[in-house]
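So the structure is just underneath, and the comments pick up after that.
None of the figures in this text is laboratory data; all of them are computed from the coordinates on show. What you are looking at is a predicted structure, and each value in this text was computed from that prediction instead of being measured. Methodologically, a virtual Cβ is constructed for each residue, glycine included, from the backbone with ideal geometry; neighbour enumeration extends over all protein chains shown.
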Amino acid sequence: MSVLTGKERRIVGFLCNWCSYGGADTAGVGRFVQPTDLRIIRVPCSGRINPLFIVKALLGGADGVLVSGCHPRDCHYAEGNFYARRRLEMCKNLLPLVGIDPKRFEYTWVSASEGQRWQHVVTEFTKQIHALPPAPVFPESPEIERLAACAGE
Amino acid sequence: MRIGVFICHCGTNIGATVDSAGVAENAKSLPDVVFATDSMYTCSEPGQDGIIRAISEHALDGVVVAACSPRMHEPTFRRAVERAGVNRYMFEMANIREHVSWIGKDKEANSNKAFELVRIAVEKLRRNRPLTPKYFPSTKRVLVIGGGVAGIQAALDCADAGIEVIMVEREPSIGGKMAKLDKTFPTVDCSSCILGPKMVDVAQHPKITLYACSELESVSGFVGNFEVVIRRKATCVDNTKCTGCGLCAEKCPSKKSFDRFNEGVGTTTAINIPFPQAIPKKAVIDKSFCRQFVKGKCGVCAKVCPTGAISYEQQDELLTVQVGAMVAATGYDLVDWKVYSEYGGGRYPDVVTSLQYERMMSASGPFGGHIKRLSDGKEPKNVVFIQCVGSRDVSIGRPYCSGFCCMYTAKQAILTKDHIPDSQSYVFYMDIRSPGKGYDEFTRRAQEEYGTQYIRGRVSLIYPKGDRYIVRGVDTLAGAQVEVEADLVVLAVGVEAAANSPHLAEKLRISYDKFGFFMESHVKLKPIETNTAGVFLAGCSQGPKDIPSSVAMGSAAAAKAIGLLSKDMLESDPQIAQVNINRCVGCGKCINVCPYKAIREIDFRGQAKAEVIEAVCQGCGLCNATCPQGAVQLSHFTDNQILAEVEALCRC
Amino acid sequence: MSRNEPFGYYPGCSGQGTSAEYDSSTRAVCAELGMKLQDLEDWNCCGSTPAHTVDHSLSTALSARNFVQAGKQGLFDIVTPCPSCLKNMRVALRNMSDEHIGPQASKLLGGDTLQEGHTIKSVMQVIHEQVSANEIAAKSIRPLEGLKVAPYYGCLMSRPQGLMQFGDPENPMVMEEILAAAGAEVLPFPLKVECCGASMGIPLNEAVTRLSGKIIDLAAALGADVIAVACPLCQMNLDLRQGQINRAHKTHFQLPVMYYTQLLGLAFALPHNELGLDKLVVDPQPVLDKLANQRRAVANAMQTEGAA
Amino acid sequence: MDDELKGAIRKVLPDVDCVIGWGPGPDPLRSAPFFMRKPEEVDAFVVGPLAVNNPAVFLPEYKGKKVGIVVKGCDSRSVVQQIAEGLVKREEVVIIGFPCSGVVDIQKIAAQLGQDIEPGMVTSLSISSDKLTVNVKDTAKTMDMADVRADKCASCQYPNAVVSDEFVGTPKEGKTDDYADLAAFEEKSIDERFAFWEQEMSRCIRCYACRNACPLCVCRDHCVATSREPHWLNQADSTREKLFFQLIHATHLAGRCTGCGECSRACPVGIPVGLFKRTMTRAAARLFDYQAGTNAETVPPLQTFATEEPTIKEREW
C-alpha cells in the first residue's frame, strides 16, 4: 500500500537539493506540521527535471506533482531554474489537452530559509489535490495483467 | 544486489512518531534487500559500527539509511560504508526525520510514508553505480569581498598563512563601519586606534592586493578555480600617481558635497580623501558634485595636483583574477528609518542616527569631537536615545534583533556625559540585550555611574516645539505616558544586509534569507560555510554581529579557506554528466544550455559528438534533461534512477 | 468612477446636528467642484462607537444596511464626510466576508443581501483624487492667501492604515495639498493625527482638555490663524470645548477651528450661510478679517502699480 | 509552374548530390518522395495538391553533402528549423520554393468516395483549379478541392518558402492561424479528453510512423522509445505507454515543431497525434512569441531563457 487509502493521495515532489530540499528540511527543523501525502524525490537542480518525469508520474497514477526549485536568480547552478521555468510552464500547458487537470501539477520556488513558505505550499497543494477526484487511471495492458496474475500464483 | 536497510530512531526524534522497527520489518520485503534493522542512533559510533558489521556479515554491496536529512549526515554514512569497503555512492538515504517525523504526529501515516521513502531509496540504490572522484589542482589565492573589520581579519590571517589575497572594497577606503565609530564598547577604547594598524597592515602586506572603489562584476568557475571579474570604478584619480597630499581637496571649489564617510554630518569637497587614516590614502572624485562633471568646467584639482594624477576621462576598468576560495564579508547597512514618520521621517534636523552621532562625537569628525546640534550648532543638554528603531519591528518587515544597539547606545550615553558633563541622557528601550563578556556590567555603568535614565517603553511620537523636541513615549514599568523634552534625539537604527547583497549572492551562487543576509550551510555546525563549496562568510553579511564576533568570524573564514587550499589537489565530485557516445547524435543542445560550458563538441570517427569536461562539470543535470534521446546522463541522478523512484511512487 | 456620475452621499448623524455646518459646506463645495452627491434614502446610523463595542455582527449589519440601501438606488461608490462613519462602514465591508461575522450580520439584514462591488471613501479623499490642484486654484476666486492653517486630521482619517488606505498613516498630506491649492499657507503640524480626546469629553473631561489642549497649544505656538479639521468630533472638542480647555489650563486661546470645507468655501466665495460659519463657537471673524485685509492690501498694491 | 520548377531543379542539379522533391507514387493519387540526380529524372517530378509529404525529413541524413530540396511553405519551415538547430547546414542545402495552394488529404478523398482507397485502386485523376476528379474502377467522382484540402492548409500562414535560393512563381498571401482546431477540441471537458485519448491511443500499433515522418525528430536510431538506458517506456501493449510516447514526442518538439502535420498524416490508424504538438506550438507562441521555422537565427525557446518572464504567470501561494 503506497498511500493510506481514503486519507492520502499520491503526491510526488521533485525538489532541488540546494534550495527547496533545504527549505523542506528547515520546515522539519522548525516542526512546521504538514500533510503526509507528499513524497519527495531529491534532484540536484530544478533544471535536472525533465518535464516527462512529471508526465510519467501523472500517467502512472500520481494524483499530483509538485516541483520546487531555487528562486529565479538564486539558482545554485546559476541558470538551471530559468530553463526549468520555461519547460515546466510548457508542461503545464500540455496536461489539459491530455485530460489531466492542470491543477494536478504546480511548480514554485522555495529557498532553504523558507521553511514556513514550504509548509504553506505543501499544505495548499495537498488541499488542492484533495479537492480533485482521484487521478484517472489507464487500464493495465492485458499482457501485463496476465503476467502479473501468473506471478501471483 | 545485496542491500542492507537501517532505520534510525534518532532517540525519540523519529521513534516517537514513526514505527522504525515496523518499517525495518517491511523493508525486508523490498527487492534485493537482504538485511534490515532499526537502530537507536545510527550516526553514533555504535550505529556506524552496526552498518560496518552488517556489510561484512551479510556481504552487502549497497546500504540504505533512513534517518535525518542527507544534507545532515549523508557524508557521515558515506564514509562509514567506505570504511567497510563499499563504494560511497552505493549508499542512499531516506529522510524520515525532517520530512516525516518532525512534520506530522500521525504515527500510522508517518510509518507508511517512511516506508515509502525507504522504498524509493532502495529502488534508486538498485540502479546506483560505484563512482570514484577525480583530483584537480586549485589556485592558491583568496578573494575577500568587503574591507570591514571582518574582511580585514580574514585577509590578514590568510596572508599571514602565506596565501595570496585579493581584497575588493566598494568604498574609497577599507575600514567599513568600524572606521566610522568614535569609541568601542565595552572598553571605550578608540576605534581608529585599534583598527588603524590593521588597515595599515592590509596596505603593506606583500601578499595582499587591495582594490578600493571596486565591485564584483561576475564569478564563474568552481571551488579551487574561480574566475572573478572585478569592476574598478573610475575615481578620476590615477592611484599610481596620487600621493594623498590632499592639496586637491584643499583647493576644490565644490565644498558642499555629500560626505558619505561622515554620514552626511557636515559636507566635504567633491574631490576628497574620505578620512585622514583612509587606506588607500588616495583622492576620489564624486562626479555628482564635481563641477567638471556637473557644469562641464572647473579643472582646479587637475591644475593644482603636483603629480598630475587627475584624469577626468578615466573609465571603469574590468580586471579578471583567478582565485581558489572566496570570503564574503560585505557587512551591513542601516535600515531606512525614514519609514517612521512618527519620528519625523527625516524632517527634523536634530533627530539623527546612531552612526551620525558617532561622527558627531568623533575627534576626527566634522565637529572635532564637540557635540553640537545640526540645526543651530548649540550644545545639546537633554539627549534622548531611542533603541530598536527598525529592529524587532514586524510592521516594517524587520522582526529580528540587531544585536549590538543596546551596547552602543549605552556607550553613546556614557560618551555624551563625558563630552557634556551637565547633560542628561534618556534611553527608551524594549529590553536590554547585553550577553557578552563585560557587557551587562557596561550597561549598568551607564545607568549607575553616568546617571543615564533608562525608560522601558516605545516612543510613539517626536514633534518639535520651539527649538526643542517633545519625545512622547510610554514607561511600561510605571504604566504611564512620559514626555521628555530633548535637544537631540539619537535613533539606534537597526541593521540590514548591505545594499545589493542578494545581487552579490546570486553572483556567488549562494543562498540568502528574506532579509538579504547570506545563508550559512548549517545554522549551528557550518556557520562559516555556504552551500557553494569554496565560498565562506564573515561578519554581518551573515547576520548582525558586534566587532568581536565579526573578527572571530573573519579568522574562522580564513581558517576555512586556508584549510581548503592547503591540499595540493582537490577532490572532484563524481556526480557529473557523462555522454553515452553511441547514443549521442551530436545535435549540440546540451552544449547550448550548459551554464558552465562544460560540454564541447568533438569529432568521433567523423561524427560530431558531445563530450563532458569532467573538471568543469558541476553536476546540475540540465544537459540530461535537455538531451532528447538521453545520451547525456548525470551520474547518480540518471533518468533510470529517477524513473525508478517515480515508478515506486505510482500505482504501477 | 468619475465625478460626472453621482456618488452616494452618506452624511452621518452628526451631519444632522452638531456638524450641520460640515454637511452643508461639504454639499456646497462639492456642488461647486461639479461632484454630484446623491443622498442615500432611508439611511441609518453607522453604529458609531457603541455598536461595535457590544456586538460586531450588529455593528456590521447596521453599516451594511446602508450599502444595501445604496445598492437599491444603483449607488455603489459612497462618500461620507465623517471619518468615524467611514471607518465603521469600511470595517463592515470587510466583516461581511469574514467567515464568522459575515453570516450572522447577513441574518440581521432580514431579507436583504449585500451585493458585490461597494466602495466608500471620505469626501476629502475623493476631492483629492478627482479634482486637480489647478482646478481648485482656478475656483478659488478669493484665495486664502496669507492665512496660516494648522491641518488637523484626527486619529481616524488615516488609521488603521490597512483599512483606511489614506497615504502615510502618521503624516497624511491630502488636506495640506487641497488647502495649499486654495492659496492657504499650510503649516507643518506634527500633531496632525494625534488624539483629541474623542468621546471622553463626558466621562473624563480632563482627557479632552489635556489632549485637545496640546493641539491648540502647538497650533497657536506655530502662529496658526485657524485649525482646519475634517472630523465632527475633533471639531467639537477643539471648538466647543475651547473654553473648558482655557479654564483647565488658565489659557486664553481664541483660535478658530473650521472644517476644511468651510475654508474651501471661503476661497470659492460661496455664501456664508451655506458654509454655516454662524455655527462655530470660537468666532471665525479674525479669519475673515485677515482674508479681507489681505485682499485689500493686494488690491491696493495693484492699484498703486496701475497708477504708477 | 511545373515546367519552371523543373527548370530550376535542372539548373541546381550539377551543384548538388541530388534534389529531393516529389515523384510518381503507387497510384495517380499518391506521390512519393523523389530523389533526382540526373536531368532526365526531373521529367517525372510532381508538384501541386498531390505533393503531400514533407521532403525535409530526409535532409539531416545528407549532412556533409550538398543537396537541393523543393519545398512547400510548410516544408521550408522545417528546413529553417533544422538550420536553426544545426541539424542541417545552410550552405549545404539549395532550397527551391514555390507558392503552394494547399495539398489534398487522402482520408478526406476516401470519405468523399465513401470507401478506403487501397494503393492502385485509383486508375486516373484530373485536377483543375478548384475541382478534383478521381477515377476508381472506371467510375469518376468529381469533388470540390476545398472539401478535400488538408486541414493545416486552411490556416497556412506561410504558403511560400520562408527561405529559398530559387523561388518559382508569384508569392501567395498567407492566412492566419487562430488554433480553431484546438479550440474545438477544448470544447470537451477534462474527463472527456482523457476518455478520448484512452480510446484513440488504444488503437495505436506502435509503428512509430508519426516519429519517422517528423523532420525534427533528431534522435533517429536512438529514440528513447526503444532504449533500456534510459528506460522511459516498456514494450507492453498498454494505452498508457502509447500515450506517454506521444507526450514524449510532443515534449521533445515543444517550441520546435513547425506544424507540417506529417505525424498525423503518417498515422496508419488515423490518430490525431498532431494535436499534442499544436498545443505546444500555441503555448510557445503565447509564452515566448516564438514560431518555429520562421527565422534560422533564433534559438528555440526551451534552449534559452530570460531572467524576467513577464508572460509566465506564476502561481502565487
For the protein assembly as shown, with only Lys/Arg (+1) and Asp/Glu (-1) charged at the beta-carbon, what is the dipole magnitude about the Cα centre, in debye rounded to 20? 2120
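Please report, in debye to the nearest 20, how large the charge dipole of segment D:134-277 is about its Cα centre when each Lys and Arg carries +1 at its beta carbon and each Asp and Glu carries -1 there.
Details: 18 positive and 21 negative charges, 85 e Å.
Magnitude of the dipole: close to 400 debye.
How long are the semi-axes of the equivalent ellipsoid of chain C, defined as square roots of 5 times the Cα gyration tensor eigenvalues? Whole Å, largest first.
In descending order the semi-axes read 35, 24, 15 Å.
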Give the angle, between 0 and 90 degrees and rounded to the nearest 10, that separates the Cα long axis of helix C:285-307 from the longest principal axis of the Cα atoms of chain C. 50
Candidates D:Val122, D:Val70, D:Val103; GNM for chain D (alpha-carbon contacts under 10 Å) flags as most fluctuating D:Val122
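Pairs of alpha-carbon atoms within less than 8 angstrom and 6+ residues apart define the contacts here; what relative contact order does chain B have, in percent?
13
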Taking only Cα atoms, what is the 0 to 90° angle, nearest 10, from helix B:547-565's long axis to the longest principal axis of chain B? 40
If I take the Cα coordinates of segment D:13-159 and project them onto the principal axes, what are the three extents in Å, biggest first? 48, 35, 24
Within straight cross-link reach of B:Lys567, meaning Cα distance under 25 Å, which lysines are found once same-chain residues fewer than 8 apart are removed? B:Lys134, B:Lys140, B:Lys207, B:Lys526
In deg cm²/dmol, rounded to the nearest 500, the helical mean residue ellipticity at 222 nm of chain C, built from -39500 (n - 2.57) for every DSSP H run of length 4 or more, is -14500 deg cm²/dmol
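Using 1/(1 + (r/R0)^6) with R0 = 35 angstrom and r between the beta carbons of B:Ile194 and B:Lys567, what's the FRET efficiency to the nearest 0.05?
FRET efficiency, B:Ile194 to B:Lys567: 0.50.
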Among D:Ala84, D:Ala111, D:Val168, pick out the residue whose Cα is farthest towards the positive end of the charge dipole of chain D, where Lys and Arg carry +1 and Asp and Glu carry -1 on C-beta, about the Cα centre. D:Ala84
With the label point 7 Å along the Cα-to-beta-carbon line of B:Glu448 and a cut-off under 14 Å to each amide N, the hits in segment B:401-415 are none
Counting other Cβ atoms within 10 Å of each Cβ, which trypsin sites (Lys or Arg not before Pro) in segment B:557-652 have at most 16 and sit in a DSSP loop? B:Lys567, B:Lys597, B:Arg605, B:Arg651
For segment D:95-132 and segment B:98-166, compute the distance between their C-alpha centroids and round to whole Å. 65
Aspartates and glutamates whose Cα lies under 14 Å from that of C:Lys290, excluding same-chain neighbours fewer than 8 positions away: C:Glu145, C:Glu185, C:Asp225
For segment B:3-126, just run the numbers: alpha carbon Rg, then divide by 2.2 N^0.38 Å, N being how many residues it has. 0.93
Report the percentage of all Cα-Cα pairs in chain D whose separation exceeds 39 Å, rounded to a whole percent. 13
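When a/c reaches 1.5 or more, the comparison of a/b and b/c decides; with that in mind, is chain B rounded, prolate or oblate per its Cα gyration tensor? Before the final figure, lay out each step's value.
On the way: a/c = 2.69, a/b = 1.59, b/c = 1.69.
Verdict is oblate for chain B.
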Can you compute the helix-only [θ] at 222 nm over chain D? Use -39500 (n - 2.57) per DSSP H run of at least 4 residues, normalise by all residues, nearest 500 deg cm²/dmol. -8500 deg cm²/dmol
When the charge dipole of the protein assembly as shown is computed with +1 on Lys and Arg Cβ and -1 on Asp and Glu Cβ about the Cα centre, the Cα farthest towards its positive end, among B:Thr209, A:Asn17, A:Gly30, belongs to B:Thr209
Taking trypsin sites (Lys or Arg not before Pro) as exposed when DSSP calls them loop (any state but H, G, I, E, B) and at most 13 other Cβ atoms lie within 10 Å, what is the longest stretch of chain C free of them, the sites themselves excluded? C:37-249
What would the Debye equation give as log₁₀ I(q)/I(0) for segment A:11-152 at q = 0.21 Å⁻¹, counting only Cα atoms as equal point scatterers? -1.22
Between A:Val137 and B:Thr187, what is the label-point separation in nm under the 7 Å Cα-to-beta-carbon projection? 7.3
The Rg/Rh figure for segment B:333-496, Cα atoms and Kirkwood Rh, to two decimals is 0.93
Within 10 Å of each residue's Cβ, count the other Cβ atoms and sort C:Leu144, C:Leu109 from fewest upward. C:Leu109, C:Leu144
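Report, in debye and to the nearest 20, how large the dipole of chain D comes out about its Cα centre when Lys and Arg carry +1 and Asp and Glu carry -1 on their Cβ.
Working: 38 positive and 45 negative charges, 87 e Å.
Once rounded to the nearest 20, the dipole reads 420 debye.
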Enumerate the helices in chain A for which the Kyte-Doolittle hydropathy averages -0.5 or more and the C-alpha atoms extend at least 24 Å along the helix's axis, using complete DSSP H runs. A:80-98
Taking segment D:108-261, how many lysine pairs are there with alpha carbons less than 21 Å apart, if each pair must be eight or more places apart or span two chains? 9
Based solely on C-alpha atoms, express the radius of gyration and the Dmax of segment C:138-299 in angstrom. 15.4, 51
From the residues D:His252, B:Leu334, B:Thr12, which one has its Cα farthest along the dipole of the protein assembly as shown in the positive direction, the dipole being from +1 and -1 charges on Cβ of Lys/Arg and Asp/Glu about the Cα centre? B:Leu334
Karplus-derived HN-Hα couplings along segment D:193-204 (A = 6.51, B = -1.76, C = 1.60, θ = phi - 60°), whole Hz, x at Gly and Pro: 5, 4, 4, 4, 6, 4, 5, 4, 6, 5, 8, 4
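Counting other Cβ atoms within 10 Å, which GluC sites (Glu not before Pro) in segment C:1-79 have at most 11 and lie in a DSSP loop?
The qualifying sites are C:Glu41.
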Where Rh denotes the Kirkwood radius from the mean inverse Cα pair distance, what is Rg over Rh for the protein assembly as shown? 1.03
Measure out, as a whole number of angstrom, how far apart the alpha-carbon centroids of segment D:266-284 and segment C:236-308 sit. 80
Name the lysines eligible as straight-distance cross-link partners of C:Lys121: C-alpha to C-alpha under 27 Å, and not fewer than 8 places from it in the same chain. C:Lys36, C:Lys72, C:Lys87, C:Lys107, C:Lys139, C:Lys192, C:Lys279
Alpha carbon centroid spacing (whole Å) that separates segment C:78-141 from segment C:1-46: 12
D:Phe196 and B:Asp238 label points (each 7 Å along its Cα→Cβ direction) are spaced in nm at 7.5
Inter-site label distance for D:Ala32 and B:Ala552 at 7 Å from Cα along Cβ, in nm: 8.5
In degrees, nearest 10, the alpha-carbon axis of helix B:439-448 is tilted away from the dominant principal axis of the alpha carbons of chain B by 30
